[in-house]
Each structure stands twice: as C-alpha cells, then as structure tokens.
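Student: The structure is given below, and queries will be raised subsequently.
Read-outs: derived from the displayed coordinates by stated rules, not from any lab. Just so you know, these numbers come straight off a predicted model, no measurement behind them. Glycine also receives a Cβ, built like all others from the backbone with ideal geometry; neighbour counts cover every protein chain displayed.
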Amino acid sequence: MASTKEYLNYILEQLSDLEEITHRFMMGEYIIYHKGKIAAYICDDRLLVKPVQAARQLMPEAPMEPPYEGAKDMILVEDVDDRRFLTELFEKMYEELPAPKPKAKKCR
C-alpha cells in the first residue's frame, strides 16, 4: 500500500518548525531529509526514522520495522501527533545521520 499525500503533508506540517526539511517521492513512498541527510521514510502511512542512538534513547520501547520488504529495520514513530517531540527527535538525530553519498560522475 502506498502512502497518501495527506499523511505526508501532515508529517511535514508537524516538522515545520525545523529548517531544511525536504522530501522525495520514490516508488509510492517518501524519503524525508533533514538538512540534506536522510532522516526518515514514510511507508504505508507510517513514519520510520533511522535507528541512530539519539532516536533509540528518546524511544527505547518503540518497535523496529522495515520500511518495505527486504529493507533494514527502522524505528516506528507511533506518536506523530506530538509536534514538539518530533522536532526534538529530528534535532537530536541530525548529528548521527550519515552524510549523503556523493553522486556518481556522468561518463561522457
């Protein structure tokens, strides 16, 4: 099941206090970027964040689920209605998120 645009818009609104939140549509789902780094996925109308230490500390009991079949587990954010918590979560996660991979150079 693909994620809805309404769910994406709701999550983006919840994260609107943060700078540089962007997203990309990919195969019916969405990737959420924070300052250019991949922070989360929206899959099947679920918000899943990278399992970095800061996220684990803020949500020690949160379930781990794959965003899609065959993917590595991520942390399911169950309380997406708490805007303050989501802001804090993304802020604390940022330093631990991996840097974007450099784009491959085009051959001519």
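Student: With only Lys, Arg, Asp and Glu charged, each at its Cβ (+1 for the first two, -1 for the last two), find how big the charge dipole of the chain is about the Cα centre; round to the nearest 20 debye. Write out the running numbers ahead of the final one.
Tutor: Values: 16 positive and 20 negative charges, 219 e Å.
Roughly 1060 debye, rounded to the nearest 20.
Student: DSSP loop (so not H, G, I, E, B), at most 11 other Cβ within 10 Å: list which GluC sites (Glu not before Pro) in segment 29-108 pass both filters. The partial results should precede the final answer.
Tutor: Values: sites: 29, 61, 69, 78, 88, 91, 95, 96; in loops: 61, 69, 78.
Qualifying residues, ordered by number: 61, 69.
Student: If you don't mind, there's one more thing I want to ask. I need the chymotrypsin sites (Phe, Trp or Tyr not before Pro) found in segment 32-102, filtered to DSSP loop residues with at most 15 other beta carbons within 10 Å of theirs.
Tutor: On the way: sites: 33, 41, 68, 85, 90, 94; in loops: 68.
The qualifying sites are 68.
Student: Here is a follow-up. Pull up the cross-link candidates among the lysines for residue 92, meaning alpha carbon to alpha carbon under 23 Å and not fewer than 8 places away within one chain.
Tutor: Leaving aside lysines fewer than 8 places away in the same chain, those within reach of residue 92 are 35, 37, 50, 72, 101.
Student: Also: For residue 4 and residue 61 in one chain, what is 0.36 nm times their gap in residues minus the Cα-Cα distance, to one decimal in nm?
Tutor: So the chain would gain 17.9 nm between residue 4 and residue 61.
Student: While we're on this one: Tell me which trypsin sites (Lys or Arg not before Pro) from segment 33-68 have a DSSP coil assignment and no more than 16 other beta carbons within 10 Å of their own. Could the numbers behind the result be given before it?
Tutor: Working: sites: 35, 37, 46, 56; in loops: 35.
Qualifying residues, ordered by number: 35.
Student: Moving to a separate point now. To the nearest 20 debye, what is the magnitude of the charge dipole of segment 1-61 about its Cα centre, counting +1 on the Cβ of each Lys and Arg and -1 on the Cβ of each Asp and Glu? Write out the running numbers ahead of the final one.
Tutor: Details: 7 positive and 9 negative charges, 60 e Å.
So the magnitude is around 280 debye.
Student: Using 16 Å as the cut-off for backbone N distance, which residues of segment 34-58 belong to the label zone defined by a point 7 Å from the Cα of residue 20 along Cα→Cβ?
Tutor: 34-40
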